[in-house]
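Reviewing the structure listed below.
The values are calculated or read from the model by the stated rules, or taken from the named source; none is laboratory data. Keep in mind that what you see is a predicted model, and the values were worked out from it rather than measured. We place every Cβ from the backbone using ideal geometry, glycine too, and count neighbours over all the protein chains shown.
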Amino acid sequence: MNHIDAFLTQIRAFLQESQILTDANECAHYAQDWSAVLTPNSAATVFPETTEQVSKILSAANSHSISVVPSGGRTGLSGGAVASNGEVVLSLVRMNKIANLHLGALTVQVGAGAITQAVHEFCEPNGVTWPVDFASKGSSCVGGNIATNAGGVRVLRYGNTRNWILGLTAVTMDGTVHEFNGELEKNNTGFDFRQLMIGSEGTLAVVTEATLKLAPLPRSRSVFFFSLENFSSVVELFAFARSRIATLSAFECMDRPCLETTMKHFLLKAPVNLGESNAFVLMEVENAALEECEVWLGEIFEAGLVVDGVMAQNDREAKELWHYREGIAESILSGHDVHQEDVSVPVARLAEFYSEIHSRYRKAFAPTNGGDQAKVYFFGHIGDGNLHIFIQGPKGVDRNQFLADAKKTDLELFKVLKNYKGSVSAEHGIGVLKRHALHFSRTEAEISLMRGLKNVFDPKGLLNPGKVFTI
């Protein structure tokens, strides 16, 4: 009997057959994330329903020296939830309980497999929300959000996931169950292991449950859409808005190719007069009176910060304006091979950084007489210095050749990022696909400390192996 067979025999003592998959085709679905680059190859997929079962599964895997890849909604783009070397996938999707909402404490307890949108829908009838929000909220799981310290569209006002986690239950590879911080708002008793788990990409322990912090639902949301001359004007508008509007909750930017592609894909009319504008901004403000919004609009136009603009008059129009932003990725990806980068720099240097990389990409993909060319798109969350760069391959070009050519531009991008003290991954973590680039954002001393922590929590190196760094 080999190690996998022995492991499966052991876990069948406490799991139902419906909680175990061994068919290669069925397992492939759970061994892949949205990056869709690495070939999935797992030995089995297991579906625990309780923290106790997770503990027993990990203990059994540890005793048989079997590697385990934690998995949830698999919406990441860095290969962080991919099993490609015969690992066992630990899918937490059945651990999706949402309960014990406490309005006095503003907390709710959830399983790691709870869908982000389901948490929102559970809380909203009570006038509260978990303010972690992004386009993949309908399929992303809370456990994955925690593993990657997910951000999203309202980081500007609410911060990343780590700001909204009060306590965690996590299981280390040897099966030990840990309660980190419980429901305490204040706890000054040494190292905060809860925060260490957040952003560790499932390499230290498996998060199974969490106590989430909640915020009151905004009484209202005012949504604006502006056209601007260029990216420098975007940064000027952001500086104005941030200095004047205390409840600014989102400040999203896109270049003209992004807007035009989204309009074409969804058959939408232009939300504003496009003219010669090359940049566009969607701005959201919470709990603002109409009179305040009108004053801000007047000041923005008087200062010459925008070319044109519109304010949503009702919820329907607000959703329509958000669609221009939320539909960008789908529009670019539809029918094309796309190479994606997700980076960040200090907000103070954002305009300078954009100018430099835009010039570099323009030269790298300059039109020639060779027919269709790759197209480069820029969009992102300006309020937190996060830019998405999508390179869309021309139709008819070999996929592997296009991806190889596109990746050649990454090295220059990462070198520029290092000069700006930026991050090679703003939202999706390092996983496998950005492991080679970690040293552009972290020093060798920091990476050595990471390896040391990995050795403490997982001395055999069995939990999500090969992710973030190699041992």
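Laid out as a table, the results:
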read-out: Meets criteria (touching a His at 6+ places or on another chain (Cβ under 6 Å), surrounded by fewer than 24 Cβ atoms within 10 Å (Cβ to Cβ) and not small (Gly, Ala, Ser)) for His3; value: yes
read-out: The range 301-317 - residue that is of a type outside the set (Asp, Glu) and touching a Phe, Trp or Tyr at 6+ places or on another chain (Cβ under 9 Å) and, of those, surrounded by the most Cβ atoms within 10 Å (Cβ to Cβ); value: Val306
read-out: Subset of the range 62-77 [under 22 Å from Val343 (Cα atoms) and hydroxyl-bearing (Ser, Thr, Tyr)]; value: Thr75
read-out: Helices (runs of 4 or more DSSP H) fully within the range 85-168 counting 2 or more residues that are surrounded by fewer than 24 Cβ atoms within 10 Å (Cβ to Cβ); value: 116-123, 155-158
read-out: Only one of Glu284, Glu341, Glu320, Glu292 that is closer than 23 Å to Leu217 by Cα, surrounded by 20 or more Cβ atoms within 10 Å (Cβ to Cβ) and acidic (Asp, Glu); value: Glu284
read-out: The range 54-67: number of residues that are buried (at least 24 other Cβ atoms within 10 Å of the Cβ) and not in a helix (DSSP H, G or I); value: 0
read-out: Hits in the range 23-38 (condition: surrounded by 14 or more Cβ atoms within 10 Å (Cβ to Cβ) and either of a type in the set (D, E, K, R) or over 22 Å from the mean Cα position of the chain (by Cα) (or both)); value: Cys27, Ala28, Asp33
read-out: Residue in the range 39-53 that is modelled with pLDDT of 95 or more, closer than 15 Å to Lys467 by Cβ and buried (at least 20 other Cβ atoms within 10 Å of the Cβ) present; value: yes
